[in-house]
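*Asks:* The structure follows.
Any read-out appearing in this document is the output of simple, stated calculations on the displayed coordinates, not a laboratory observation. No experiment lies behind these values; they were computed from the predicted model shown. Neighbour counts run over all protein chains shown; Cβ positions are idealised from the backbone, glycine included.
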Amino acid sequence: MTDPEKLTEKYFHCMGERLIDEGDLEEGIIFFQKAIDVGDTPYAWYGLSRALGMAEDTAGAVGAISRAIKLAPGIPEYYFERSRLLASLGRNDLADEEMKRAIAIDPNYRRIDRINRAAGILNEAFDGAFHKPSCPVASCPAYCCHFKENMFLHGVTLGAWKLKAVRELFREKGLNETDLLENFPVAGIENAQDLFSPYDIVKFDGIASVIFPRRKDAVLGADLARDIPKGRDYRSLMWIDGTARPCRLFENGRCSIYEAGGEPSLESCSSFLCMTGFIFLVLRHLGMVNEKWLSGLSIARLNEIAVEALIILGEDVYGSEEMRSADPPDEDMKKRLIDEAGRKISLLF
Ligand code: SF4
Ligand code: SF4
């Protein structure tokens, strides 16, 4: 696919997601099919499977998720979804096989229901609690600053205000803008206004464009790709794999434009945290983190600990029977539950 085709595909599958979330399954299915007509992507087939499943076309949903698996055989949630669908068709033997495949990729799938439940509880409990937080996980190779494709396709673009500040910074440092930033003309691209914020569409050489960071040449590589964390909903981060390349603004372990213009990095970067980053931010907020762990332990170990801590906080504190039956929550009881959870979590390190 060309970049304009990728944008069109993105528009169609995002519309499909939005429509099925709003309950318009018929239109949602049409949009996923349009997305697939433009580009045969696993996420559009996954979305189509979800929509067909919700519309009670289970056999069609199995067909669609099977195509997603063929295109992306390393994604455990696809096998989990096929397992769920096959079980609802009464094929428990086949469903078990699919679960085994999901577990072989990610052993946490043995307890995926608990993880999903705890993630929902914690996301709700801390909804809006952290404004543009900086990730505390110092030992992470900043997976979230690596991208498989041109960064504007992932929504990483510079708005007019940030662009002005970044240009000033480049001037001060004697850097050449064209080495670091690139532009993509969106004039004539259908639905560009739905894909980019109006603040991010700027004039470049007189043409409505988006400006985005270039990527460095070196790829993440298969070794590091083994430890990519999950998203806050425990889904795979589909834009990062071993072929992903770091943003060119990532220098010496940090974002080189982080503070330019008084706004942290770029809108899409500053609003993102993976599951591991989110859980350690919560643990730090609750006073349960020794900062040395965040730089001394490997990201693989921190990913494991984050899932354990997620389940403890979800089950023993925020989703506990005591908390749910107390209305309004009793602060002493909450503190006691948090202290007990903190003791359990400290044993993980
Ligand atoms: S948010 Fe996640 S991927 Fe990004 S730096 Fe933090 S731990 Fe790493
Ligand atoms: S702009 Fe900064 S935070 Fe965003 S991807 Fe690039 S280096 Fe990372």
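*Asks:* On average over all directions, what projected area in square nanometres does the chain have, based on the convex hull of its Cα atoms? Could you put the intermediate results ahead of the total?
*Replies:* Working: hull surface 79.1 nm².
For the Cα atoms of the chain, the hull's average projected area reads 19.8 nm².
*Asks:* Which of Ser320, Ile29, Ser270 sits farthest toward the positive end of the charge dipole of the chain, with +1 on the Cβ of Lys and Arg and -1 on the Cβ of Asp and Glu?
*Replies:* Ser270
*Asks:* Which of the residue pairs Lys6/Lys173; Lys132/Lys216; Lys100/Lys230; Lys100/Lys334; Lys164/Lys216 have a Cα-Cα distance greater than 27 Å in the structure shown? Don't skip to the answer; put the middle values down first.
*Replies:* Details: Lys6/Lys173 35 Å; Lys132/Lys216 25 Å; Lys100/Lys230 19 Å; Lys100/Lys334 38 Å; Lys164/Lys216 23 Å.
Table pairs above 27 Å Cα-Cα are Lys6/Lys173; Lys100/Lys334.
*Asks:* Which of the listed residues, Leu94, Trp239, Asn303, is farthest toward the dipole's positive end in the chain, when Lys, Arg count +1 and Asp, Glu count -1 at the beta-carbon?
*Replies:* Asn303
*Asks:* If you put +1 on each Lys and Arg Cβ and -1 on each Asp and Glu Cβ, how big is the dipole of the chain around its Cα centre, in Debye rounded to 20?
*Replies:* Numbers: 43 positive and 55 negative charges, 232 e Å.
Charge dipole, the chain, about its Cα centre: 1120 debye, nearest 20.
*Asks:* Explain nothing, just compute: Karplus ³J(HN,Hα) = 6.51 cos²θ - 1.76 cosθ + 1.60, θ = phi - 60°, for every residue of the range 338-349 in order, whole Hz, x for Gly and Pro.
*Replies:* These are the phi-based 3J(HN,Hα) values: 5, 4, 5, 5, x, 5, 5, 5, 4, 6, 6, 8 Hz.
*Asks:* While we're here: Residues with amide H under 5 Å of Arg215's amide H, sequence separation 5 or more or different chain, H placed in the peptide plane at 1.01 Å from N; which?
*Replies:* Result for Arg215 returns Arg248.
*Asks:* Something else now. Charges on Cβ only, +1 for Lys and Arg, -1 for Asp and Glu, centred on the Cα centroid of the chain; of Ala61, Ser139, Ile345, which one is farthest towards the dipole's positive end?
*Replies:* Among Ala61, Ser139, Ile345, the one farthest towards the positive end of the dipole of the chain is Ser139.
*Asks:* Regarding the range 3-105, what are the three Cα extents along the principal axes, ordered largest first, in Å?
*Replies:* 41, 27, 18
*Asks:* By counting other Cβ atoms within 10 Å of each Cβ, how are Arg245, Arg110 ranked from fewest to most?
*Replies:* Numbers: Arg245 18, Arg110 12.
Exposure proxy ranking, most exposed first: Arg110, Arg245.
*Asks:* Exposure proxy check: Thr8, Thr58 ranked by fewest other beta carbons within 10 Å? Write out the running numbers ahead of the final one.
*Replies:* Working: Thr8 21, Thr58 16.
Fewest-to-most Cβ neighbours within 10 Å comes out as Thr58, Thr8.
*Asks:* Neighbouring Cβ atoms within 10 Å as the yardstick, rank Ile30, Ile311 fewest first. Could you put the intermediate results ahead of the total?
*Replies:* On the way: Ile30 16, Ile311 19.
Listed from fewest to most nearby Cβ atoms, that is Ile30, Ile311.
*Asks:* Based on DSSP H runs of at least 4 residues, each adding -39500 (n - 2.57), what is the mean residue ellipticity at 222 nm of the chain after dividing by all its residues, to the nearest 500 deg cm²/dmol? Display every interim value, and only then the final one.
*Replies:* Working: 17 runs with 183 residues, N = 349.
Counting only the DSSP helices, I get -16000 deg cm²/dmol.
*Asks:* In whole Hz, what ³J(HN,Hα) sequence does the range 315-321 give by Karplus (6.51, -1.76, 1.60; θ = phi - 60°), x for Gly and Pro?
*Replies:* 8, 8, 10, 5, x, 6, 4
*Asks:* A further question on this structure: Please list the non-local residues whose amide H lies under 5 Å from the amide H of Phe147, H modeled 1.01 Å from N, same-chain partners needing a gap of 5 or more.
*Replies:* Amide H neighbours of Phe147: Arg245, Cys247.
*Asks:* Suppose every K and R has +1 on its Cβ and every D and E has -1 on its Cβ; what is the size of the dipole of the range 152-214 about the Cα centre, in Debye to the nearest 20? Each step should come with its number before you reach the end.
*Replies:* Details: 7 positive and 9 negative charges, 49 e Å.
In total the dipole reaches around 240 debye.
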